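The values are calculated or read from the model by the stated rules, or taken from the named source; none is laboratory data. This is a predicted model, so every value here is computed, not measured. As a convention, Cβ positions derive from the backbone with ideal geometry for all residues, glycine included, and neighbour counts pool all protein chains shown.
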Amino acid sequence: MAQRIFVRNVSAREYLDLFLVSAASSILLLRFALHVLDYPSLGGTKYHIGHMLWGGLAMLLAQVLSFAYMGRRVQRLVAVIGGIGFGVFIDEVGKFVTRDNNYFFRPAVGIIYAIFVALYLIISYLTREQKLTHEEYQLNALRELEEAVHMDMDIHDRAATRRLLAQARPSDPVTQKLHELLYELPVVPRGKPSRLRRSRNRLAQWYEGLWQARSTRALVRWFFVVETLFFLGAVLLAVYSNIDDVRDFLAGKADYGHSLIMGQLASTVVAALCVMIGLSWLTGSRVRALEWFRRATLVNLLLTEFFLFGRIGLGAVPSFVFNLVLFMLLDSVATYERRSTVEAV
């Protein structure tokens, strides 16, 4: 059987989502900072060093780190630095699609949005749930064993590795050797946890205790219902306030401002549908419910916020910060839930 040129990474979604969120965040925060600083020029009166170059430098740094170092921590760092670099780079797209190098070209936000939508669809396709090959399960398990060599493998990591090996061909000598090695390598001792690990353990205990309370699911359900209704209400109010523009849009007389309102409405509806699916899973599977809530927040970060910033500028900063913090929280909780599920298998 021919060997695959590209070996799929079971952790790809985590890193690619970090890349996307870092890229989107860097664009919005950069535009906010430039507005506050009154668009300063680096290079004096003779030269202008565009921030696209700084973005390229950050992407170069990410590449160097990915080639020079190994491990999950480095991969996460590469995803963040690479995402920031890409965001700072693509932010200047308006200069390169206009003859007068117009950074303030209004459709630039739409172009950036289209790029991020394309990236999100590509990432969703590449990281869709599918069965890996026998060799891919082995290689992913071998990569997980790096944590043991680095003296950072805990029981959750070992359980995840065991699950990967369980899906590889059991009669293969490599699979058998990896199984043996997995249980010969030491895990982080329970008796001597670091301060960070103790904090994580306390948070995990608090989190599990929280879900044992009867009212928790109801509180989570109401939080996302109220959040969804708030964002839907805000966008419907914007549509009502600009009803003439909406009529022009539907009549085929749309301009850029009309498109921003309708784009915000469409992306908010998509996020609301993701929340509804998450609510339907909340009783049966916390993992699936949290994953759908995370997707809804990602849609708001990558799409809704772009339309909102295009329409009201810096007035969108509070909702952006809220969605960014919520995404980070949901991402951490979803990761914990997946690891706990793996350990129980």
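Selection of segment 20-75 for residues being touching a residue at least 40 places away in the same chain (Cβ under 8 Å) and over 24 Å from the mean Cα position of the chain (by Cα) yields His35, Gly50. Only one of the listed residues (Tyr69, Tyr103) is aromatic (Phe, Trp, Tyr), under 20 Å from Asn9 (Cα atoms) and not assigned by TED's automatic domain parsing to the domain that holds Ile261. That residue is Tyr69.
With the structure loaded, tell me whether Tyr69 is among the hydroxyl-bearing types (Ser, Thr, Tyr), more than 28 Å from Val299 (Cβ to Cβ) and surrounded by 12 or more Cβ atoms within 10 Å (Cβ to Cβ) or whether it fails that test. Give the steps one after another, and end with the answer.
On the way: among the hydroxyl-bearing types (Ser, Thr, Tyr): yes; more than 28 Å from Val299 (Cβ to Cβ): yes; surrounded by 12 or more Cβ atoms within 10 Å (Cβ to Cβ): yes.
Here the answer is yes, as Tyr69 does meet what is asked.
The set of residues in segment 276-290 being surrounded by fewer than 21 Cβ atoms within 10 Å (Cβ to Cβ) and in a helix (DSSP H, G or I) consists of Met276, Ile277, Leu279, Ser280, Trp281, Arg286, Val287, Arg288.
Filtered by the rule that a residue be acidic (Asp, Glu) and under 25 Å from Glu14 (Cβ atoms), segment 37-66 gives no residues. Taking segment 12-59 as the region of interest, how many residues are on the phi < 0 side of the Ramachandran plot, surrounded by fewer than 16 Cβ atoms within 10 Å (Cβ to Cβ) and not in a helix (DSSP H, G or I)? Residues meeting the conditions: 9. May I ask you to verify whether Phe116 is over 25 Å from Phe19 (Cα atoms) and either without any contact (Cβ under 8 Å) to a residue 40 or more places away in the chain or crowded, with 19+ Cβ neighbours inside 10 Å (or both)? So Phe116 does not fit the description; no.
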